[in-house]
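Trainee: Provided herewith is a single structure, encoded as structure tokens, for subsequent inquiry.
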Amino acid sequence: TKVLRLATGEGKSHFVAMRAAIHAASGKVVDLFTAKQDLAERDHKDYKAFFDYLGFTTALIEPKSSAETYEDARIHYGTL
């Protein structure tokens with residue numbers, strides 16, 4: 001519901017991961033979109049251990065991903 005504007009290197013990925021954790025903790029399913037697939041892959045890899053520690057399942061959603069991949073995770077990384 002909010003738009004965040006930060007310059008390169010100002011911690012957008014950290015901020016987004018923290019907000020995702022807050023929303024997931026309140027029972028919401030969270031979809032995180034990046035501009036490029038390689039960024040989605042990087043962020044998913046970088047924050048998976050953090051979300052695992054908190055008990056939230058994650059998935060990297062790609063065009064070939066199954067519906068089960070999406071349904072089985074609380075936090076999703078992907079591109080539009």
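The values are calculated or read from the model by the stated rules, or taken from the named source; none is laboratory data. Since the structure is predicted, the reported quantities are computational estimates derived from the model, not experimental observations. FYI the Cβ positions are ideal-geometry reconstructions off the backbone, even for glycines, and counts take in every protein chain you see. Protein only, heavy atoms only, side chains kept; ligands, DNA and RNA dropped before computing areas. Shrake-Rupley method; radii C 1.70, N 1.55, O 1.52, S 1.80 Å.
Trainee: Could you look through region 1-54, keep only residues that are outside any helix (DSSP H, G or I) and among the polar types (S, T, N, Q), and pick out the one that is farthest from Arg74 (Cα to Cα)? Walk me through it before giving the result.
Mentor: Here is the first cut: in region 1-54, the ones outside any helix (DSSP H, G or I) are 1-11, 26-36.
With among the polar types (S, T, N, Q) added as a condition, the list becomes 1, 8, 26, 34.
Values: Thr1: 18, Thr8: 27, Ser26: 11, Thr34: 17 Å.
Filtering first and then ranking leaves Thr8.
Trainee: Can you tell me which residues in region 3-28 are touching a Lys or Arg at 6+ places or on another chain (Cβ under 6 Å) and open to solvent by 50 Å² or more (accessible area, probe 1.4 Å)? Show your work before the answer.
Mentor: So in region 3-28, the residues touching a Lys or Arg at 6+ places or on another chain (Cβ under 6 Å) come out as 6, 24.
Selection gives Leu6 alone.
Trainee: Suppose we filter region 33-47 for residues that are open to solvent by less than 80 Å² (accessible area, probe 1.4 Å) and either out of contact with any strand residue (DSSP E or B) (no Cβ under 7 Å at 6 or more places or on another chain) or closer than 16 Å to Ile22 by Cα (or both); how many remain?
Mentor: Residues that pass the stated criteria total 2.
Trainee: Please verify whether Arg74 is closer than 24 Å to Val3 by Cα and out of contact with any strand residue (DSSP E or B) (no Cβ under 8 Å at 6 or more places or on another chain), treating the condition exactly as stated. I'd like the intermediate steps shown before the answer.
Mentor: On the way: closer than 24 Å to Val3 by Cα: yes; out of contact with any strand residue (DSSP E or B) (no Cβ under 8 Å at 6 or more places or on another chain): no.
When the stated conditions are applied, Arg74 does not pass them.
Trainee: Just checking, how many residues over region 48-71 are open to solvent by less than 70 Å² (accessible area, probe 1.4 Å), out of contact with any strand residue (DSSP E or B) (no Cβ under 8 Å at 6 or more places or on another chain), over 19 Å from Ala25 (Cβ atoms) and not hydroxyl-bearing (Ser, Thr, Tyr)?
Mentor: Total satisfying the criteria: 1.
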